[in-house]
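Student: Got a structure for you, questions after.
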Amino acid sequence: MRVLFPHLDGLRIEVIRAAGSTVRIEAATGDGPAECPGCGARSARVHSRYRRRLSDTSITGREVVIGLQVRRLFCGNSDCGKTTFAEQVPQLAARHARRTLILQRVLCAVGLALGGRAGARLTRQLAATVSRMTLLRQIRALPDPQPPVPRVLGVDLSRAGDYPVVLHG
């Protein structure tokens with residue numbers, strides 16, 4: 001299991017079902033304490049549970065959907081502004097995300113390589129269909145690359161009377 005789904009390590013896999021062109025994985029978080037994002041206090045007092053639906057990368061051309069049961073816990077710290085908090089699985093997905101981090105990286109790579117329309121056509125073949133606008137939003141959400149540091153810096157004084165031109169490269 002860890003070979004095919006290393007990002008599900010630490011979760012309790014309850015069932016894996018294949019139906020048609022979809023593989024559905026039902027998983028749940030563990031029973032141990034979780035850390036409050038507000039204050040860092042650890043808590044194991046369960047308030048409730050809810051299900052998240054996450055799209056994942058395909059397996060043998062089949063779409064993969066993860067049904068993840070997550071706990072909502074009470075924060076025991078009276079100084080914390082949060083009374084309850086949702087348990088997070090950072091190795092699997094970002095907060096409020098509907099796609100796993102692995103699928104997110106694949107979609108970003110497709111969007112950067114092909115752009116909107118061509119990328120959307122490729123995602124259908126990858127069993128992770130998204131619209132062209134979704135791919136473009138993925139690209140816009142990426143941080144700007146760091147500008148290169150100039151290796152050589154000089155001043156061109158060959159044109160008398162003109163302002164000096166700064167060269168770099």
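The values are calculated or read from the model by the stated rules, or taken from the named source; none is laboratory data. Please read these numbers as outputs of a predicted model, since none were measured by experiment. Ideal geometry is used to build each Cβ from the backbone, glycine not excepted, and the neighbour counts take in all protein chains shown. When the accessible area is computed, the model is the full protein with side chains, heavy atoms only, and any ligands, DNA or RNA have been set aside. Shrake-Rupley method; radii C 1.70, N 1.55, O 1.52, S 1.80 Å.
Student: Tell me which residues, restricted to region 71-110, are within 30 Å of Arg121 (Cα to Cα) and free of Cβ contacts under 8 Å to residues at least 24 places away in the same chain.
Tutor: Matches in region 71-110: Pro90, Ala94, Arg95, His96, Arg105, Ala109.
Student: Counting only residues that are open to solvent by 40 Å² or more (accessible area, probe 1.4 Å), give me the strands (runs of 3 or more DSSP E) lying completely in region 24-105 with at least 1 of them. Break it down stepwise before answering.
Tutor: On the way: elements: 46-59, 62-74, 84-86.
The strands (runs of 3 or more DSSP E) meeting that bar are 46-59, 62-74.
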